[in-house]
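No value in this document is a laboratory result; all are computed from the given coordinates. The structure presented is a predicted model; accordingly, all values stated were derived computationally and were not measured. Cβ atoms come from the backbone with ideal geometry, glycine included; neighbour counts cover every protein chain shown.
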Amino acid sequence: MRPPTPDGSSGAGWSAMPAAAGLLAAPLAEVLAVLPPRPGSLAEAGVSAGGCFVRPLPIDTTCASAARRFFREAVSSLPIPSGLLHDGVTMASELAANTLHAQRKAANAPQRTPAAVPEIWVYLRGDGRRCELVCKVFDSERALDAADQPGLAKAPVESVSGRGLQVVDGLSAGQWGSHPTLSRLGPWKTPGKVVWFALRVPPAALPDGLGRPRYSPEWLVDELEVMLTDRGLTSIVRADAPAMAVLSISRHLTVWRHGPMVSWRTPSGRYQQLDVADIVEVCEQIICTHEESALAETGGLPPWPLLGNLTAAT
């Protein structure tokens, strides 16, 4: 069907306007220069572009070496200092060894689906002086071991095993912990937990804004809804108003977007507030809150002591 002419006629004698004709006749490079950029989904974006690097980990003795390789791959585009890279590789290896130990303890559990294999996630959060490189290792063991909590049980000095998380504690300067979440890989999302660490990146090491998508808050909240749905939160009800959006995720969890900020209330009654441009961290924290609320409601587990949020909160 032909578009109507500028004067509103049927368009039977319609012909392209001069500007349009020039655009159609222009070389492809000129056309792309004129057309406004259209952001794609962040699902496939790299760490430096504001995405989250995700890979499955093997459930065998190669788990730690795979984690080391994947961590290096995830940060290969980031100009981080070599010492920081070495620390990150070491801690990723220790987290993988820790989750392999958790999997072996549950050897008598029902056979796992492909979606329940361990996963390693790497992303940037924060900005400027509070920019951090975060690494998380997911497994489907919901229970939280005392050893997975900073400041609790420690392995004896003479112990040959069980000291990996003490290494993580030292190299991360105490910036590590665990929290409930949902898996990322596979067609369905499995409840479980992550054990994580964060490394503060020196401000001079990364350009300003690296790892933060440079799109409007309106587009970012659209992307956030897609991310949450993809992670298994499929009952979201949304309402929009100028400079504001509301995502009702469950009867216990509502997320508000005011301008560039998003906020919600945690099960403990605190209000979290983050910049929506920190979209991977925002998504992680919302899912953590959702899972913590679900666990509290069913009485499955007591409140988790550490959610892993090192960014600004109110």
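Relative contact order, whole percent, for region 221-289 stands at 21, derived from Cα pairs under 8 Å and 6 or more residues apart.
Estimated from the Cβ-Cβ distance and a Förster radius of 41 angstrom, the FRET efficiency linking Trp256 and Thr61 is about 0.30. Taking label positions 7 Å along the Cα-Cβ direction at both Arg130 and Ser263, the computed distance is 1.5 nm, reported to one decimal.
Taking R0 as 30 Å, what's the FRET efficiency between Met244 and Ser41 from their Cβ-Cβ distance, rounded to 0.05?
Numbers: r = 23 Å, r/R0 = 0.77.
Once the sixth-power term is evaluated, E becomes 0.80.
For region 217-298, the extents of the C-alpha atoms along the principal axes are 36, 25, 21 Å, listed from largest to smallest.
Pop the C-beta distance of Ala205 and Glu297 into the FRET formula with R0 = 51 Å and round what comes out to the nearest 0.05. Before the final figure, lay out each step's value.
Working: r = 43 Å, r/R0 = 0.83.
With R0 = 51 Å, the Cβ-Cβ based efficiency is 0.75.
Quick check: Cα centre of region 175-222 to Cα centre of region 47-67, how many Å? Using only Cα atoms, the two centres lie 14 Å from each other.
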